[in-house]
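One structure is given below, encoded as structure tokens.
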Amino acid sequence: MALVARGLAVARGGVPLLEGVGFALEAGQALVLRGPNGCGKTTLLRVMAGLQPALAGEVTAPPDAIAYAAHADGIKATLSVTENLRFWSDIYGSGGVDAALERMNLRALAGRAAQNLSAGQKRRLGLARLLVTGRPIWVLDEPTVSLDADSVALFGEVMRAHLAGGGMALMATHIDLGLPEALVLDLRPFKARLPEPGSGGFDEAFL
Amino acid sequence: MASIWEYANPLKFMRTTDWLLPVVAWLAVVVTAVGLIWGFFFTPDDFRQGSTVKIIFLHVPSALMAINAWIMMLVASLIWLVRRHHVSALAAKAAAPVGLVMTLIGLITGAVWGQPMWGTWWAWDPRLTSFLILFLFYLGYLALWGAIDDPDTAADLTAVLCLVGSVFALLSRYAAFFWSQGLHQGASLSLAPGTRVDWAYKAPLYISMTGFGLIFLALVLAGTRTEIRARRMKALAARERMA
Amino acid sequence: MRALLIRDLRLALRAGGGFGLGLAFFLILAVLVPLGVGPEPGTLALIAPGVLWVGALLACLLSLDRIFALDFEDGSLDLLATAPVPLEAVVAVKALAHWITTGLPLVLVSPVLGLLLFLPAEAYGWLILSLLLGTPALSVIGGFGAALTVGLKRGGLLLSLLVLPLYIPTLVFGAEVVSRGAQGLSVGTPLALLAGITMGAAAILPFAAALVLRINLR
């Protein structure tokens, strides 16, 4: 099992951001994407998650293996923590939510409505969703935003256990998760160049 | 033999319409002028309707183009969805306001004609109602174009709306005919005996229809050129931001 | 899929879910119309089928933008689109949830409002039946409209402009069933057409809606 990207080019709003991005992830490996704001990390992750098409190149992944977590956690304010998680575990057809609650330290908050959680607690709930999906490849966009130091360490442990169990992770993050073994890919060299004027592309007049 | 799809290339389209647009535009002016002047001044008054009948030379061509514009948008939307030619999506966008105005002209001339004939400006007649509904569909389509920033997203969404809207517009037309039997005469050019229009009217009417078709074509070509230039400007601005 | 239905129903029923707003609107409309038109029973009975159908239509419209907008804002829609459920089914289930929380209550209270508008006794059965057959189409068509406008900041007004013309056939045939029923005429044709539109819309529009949702998400 492997997650492979070859010659990926991605665009946001019709403007090419990255081109020629390639990497391969084996079971147990994590890859951290780095690059300045706006360089296309989020767009690349959305392409990997299958939410938008790539301009060029291809992604090879095992079927039904990717779990995606974006900036927004998709938490419903009026549902309780358990209800929020149980919904996703039903959708993914995985087992119960107890283990996930336990591992993200949400046990004490289980019955509380999500609107009464702090930002960091909400983030933990969002990350607990990854555990109930039961999927091996995590595609994460800034997973540690608004987490305190303890929670970052907690998530680091969860991540390490996930990798040790043969999982994979592809993430964009600026914070060190305490994963020295993680591979790092700097996206700056892959910045898309504009096509030369007059190169005769079919829809050249538009770009 | 060059493929017709070559004209879907914006550059090729611009180069071709550089000379084609003036030709079509002048042709449209001449043909419409001939049709309308002949129709207004050189046809006999109708024995029942008097000279009011002459508004037919505006009413029928505009109503025809109102429907044809939507059909053209439908075809262009399909081409965009299937073959992803930008010019096609932009042509659909350019056709919409023309179709909207044609619908409006059809409705207004209809009201002006209906007042002396039926004694009322408006009637909830199936034909009139269908046209009013078509007007609403044009409004919605244009509003959706205007509301979305990203041009490709806007093209995709409006194309799907055009497809779905066409189905519902047809259903609405059927519903309107089901709902009310009308005052409106049958299609003026139908072959049904009794309502047939004499050749003295038919000839200038056909010329007017051709003229309106040419006006539509000229406006759509001009509109598409404007849209292509707008896209080009957007692309250049984006290029500048990136550099 | 059942999980999604249950979640949507739960969200609608809990505080802030907006459940009952459409119903209240429907009621207010049925009170306002006699106040505007006058208390003459004959007049009200004549316009009752149309008023009730237009009211149902507008009440449905009120809550349409909630079908996808909330899930879009909090990121659930992205997560649902990457989840192992077809987006077409997500759309269909969400339209169903919208119908259960909006359309079905309208059907249930419509006889009471018919009473306020002096709807002839023969028409009650047809009123309930036509609303029962027609309101699912309102939810499905509305779901398509909501999917079209989901990414827009102020999509609400645009949504009405897009969706109301699409409601015309349903409105015409639905109201026709009731008014023919009130006059004791045969209602077979409009009823069949109404059911046909609902089934056609339910069969095809979820695909169109899923298509435009994917476009809006990318």
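A count restricted to segment A:7-61 and to residues that are exposed (fewer than 15 other Cβ atoms within 10 Å of the Cβ), among the acidic types (Asp, Glu) and farther than 26 Å from A:Ala164 by Cβ stands at 1. Reported count of residues in segment B:118-130, each being surrounded by fewer than 17 Cβ atoms within 10 Å (Cβ to Cβ) and either within 21 Å of the chain's Cα centre (by Cα) or of a type outside the set (Ser, Thr, Tyr) (or both), is 5.
For C:Gly42, are the conditions met, namely being modelled with pLDDT of 85 or more and not hydrophobic (A, V, I, L, M, F, W, C)? Explain how you work it out, then say what you get.
Details: modelled with pLDDT of 85 or more: yes; not hydrophobic (A, V, I, L, M, F, W, C): yes.
For C:Gly42, the condition - modelled with pLDDT of 85 or more and not hydrophobic (A, V, I, L, M, F, W, C) - is met.
The residue that is surrounded by the fewest Cβ atoms within 10 Å (Cβ to Cβ), among those in segment C:69-95 that are over 14 Å from the mean Cα position of the chain (by Cα) and away from chain A (no Cβ under 13 Å), is C:Glu88.
Inspect segment C:25-35 for any residue being within 14 Å of chain A (Cβ to nearest Cβ), buried (at least 16 other Cβ atoms within 10 Å of the Cβ), touching a helix residue (DSSP H, G or I) at 6+ places or on another chain (Cβ under 8 Å) and touching a residue at least 40 places away in the same chain (Cβ under 8 Å) and give the result as yes or no. Reasoning before the result, please.
In the first step, residues of segment C:25-35 are kept if they are within 14 Å of chain A (Cβ to nearest Cβ); the result is none.
No, every residue in segment C:25-35 fails to be within 14 Å of chain A (Cβ to nearest Cβ), buried (at least 16 other Cβ atoms within 10 Å of the Cβ), touching a helix residue (DSSP H, G or I) at 6+ places or on another chain (Cβ under 8 Å) and touching a residue at least 40 places away in the same chain (Cβ under 8 Å).
Does segment A:18-39 include one or more residues that are outside any loop (DSSP other than H, G, I, E, B), within 14 Å of chain C (Cβ to nearest Cβ) and either within 25 Å of A:Pro180 (Cα to Cα) or touching a Leu at 6+ places or on another chain (Cβ under 9 Å) (or both)? Scanning segment A:18-39, I find no residue that is outside any loop (DSSP other than H, G, I, E, B), within 14 Å of chain C (Cβ to nearest Cβ) and either within 25 Å of A:Pro180 (Cα to Cα) or touching a Leu at 6+ places or on another chain (Cβ under 9 Å) (or both), so the answer is no. The residue that is surrounded by the most Cβ atoms within 10 Å (Cβ to Cβ), counting only those in segment B:166-179 that are more than 7 Å from every other protein chain (Cβ to nearest Cβ) and not hydrophobic (A, V, I, L, M, F, W, C), is B:Arg173. Here the condition is being outside any helix (DSSP H, G or I) and surrounded by 19 or more Cβ atoms within 10 Å (Cβ to Cβ); of B:Thr103, B:Thr43, it holds for B:Thr43 alone.
When restricted to residues that are surrounded by 22 or more Cβ atoms within 10 Å (Cβ to Cβ), more than 14 Å from chain A (Cβ to nearest Cβ) and farther than 13 Å from B:Val164 by Cα, segment C:198-218 contains 1. Residues in segment C:96-125 that are of a type in the set (Val, Ile, Thr) and over 15 Å from C:Gly174 (Cα atoms) were compared, and the one that is surrounded by the fewest Cβ atoms within 10 Å (Cβ to Cβ) is C:Val112. Only one entry in C:Gly184, C:Gly174, C:Gly151 is outside any helix (DSSP H, G or I), farther than 22 Å from C:Arg66 by Cα and not acidic (Asp, Glu), namely C:Gly184.
May I ask you to say which residue of A:Ile137, A:Ile75 is β-branched (Val, Ile, Thr), within 19 Å of the chain's Cα centre (by Cα), within 13 Å of chain C (Cβ to nearest Cβ) and farther than 14 Å from C:Thr82 by Cα? Spell out how you get there, then give the answer.
Numbers: A:Ile137 fails: farther than 14 Å from C:Thr82 by Cα.
The unique qualifying residue is A:Ile75.
Taking the criterion of being closer than 14 Å to C:Phe144 by Cβ and more than 7 Å from chain C (Cβ to nearest Cβ), the only residue of segment B:142-158 that qualifies is B:Thr158. Scan segment A:70-92 and tell me whether some residue there is modelled with pLDDT of 90 or more, among the charged types (D, E, K, R) and surrounded by 21 or more Cβ atoms within 10 Å (Cβ to Cβ). The answer is no; no qualifying residue exists. Scanning segment C:1-21 for residues that are under 22 Å from C:Val90 (Cβ atoms) and either more than 14 Å from chain A (Cβ to nearest Cβ) or of a type in the set (Asp, Glu) (or both) returns a single hit, C:Asp8. Reported count of residues in segment A:103-153, each being of a type in the set (Asp, Glu) and touching a strand residue (DSSP E or B) at 6+ places or on another chain (Cβ under 8 Å), is 2. Checking each residue of segment B:113-133 against the condition of being facing chain C (nearest Cβ under 8 Å) and in contact with a Gly (Cβ under 8 Å, 6 or more places away or on another chain) gives no match.
Residues in segment C:50-60: is at least one at pLDDT 90 or above, farther than 20 Å from A:Asp73 by Cβ and either within 14 Å of chain A (Cβ to nearest Cβ) or not in a helix (DSSP H, G or I) (or both)?
Of the residues in segment C:50-60, the ones at pLDDT 90 or above are C:50-60.
Right, trim to farther than 20 Å from A:Asp73 by Cβ and you get C:50-60.
Next cut, either within 14 Å of chain A (Cβ to nearest Cβ) or not in a helix (DSSP H, G or I) (or both) only: none.
No, that holds for no residue.
Of the residues that make up segment C:152-170, is at least one within 12 Å of chain B (Cβ to nearest Cβ), modelled with pLDDT under 90 and under 17 Å from the mean Cα position of the chain (by Cα)? Yes - at least one qualifying residue is present in segment C:152-170. Residues considered: C:Leu161, C:Leu106. Of these, the only one that is in contact with a helix residue (DSSP H, G or I) (Cβ under 6 Å, 6 or more places away or on another chain) and free of Cβ contacts under 8 Å to residues at least 60 places away in the same chain is C:Leu161. Within segment A:129-168, being surrounded by 22 or more Cβ atoms within 10 Å (Cβ to Cβ) and polar (S, T, N, Q) holds for one residue alone: A:Thr133.
The values are calculated or read from the model by the stated rules, or taken from the named source; none is laboratory data. Nothing here was measured: the structure is a model prediction, and the numbers come from that model. Quick reminder, even Gly has a Cβ in these numbers, built from the backbone with ideal geometry, and neighbours come from all protein chains shown.
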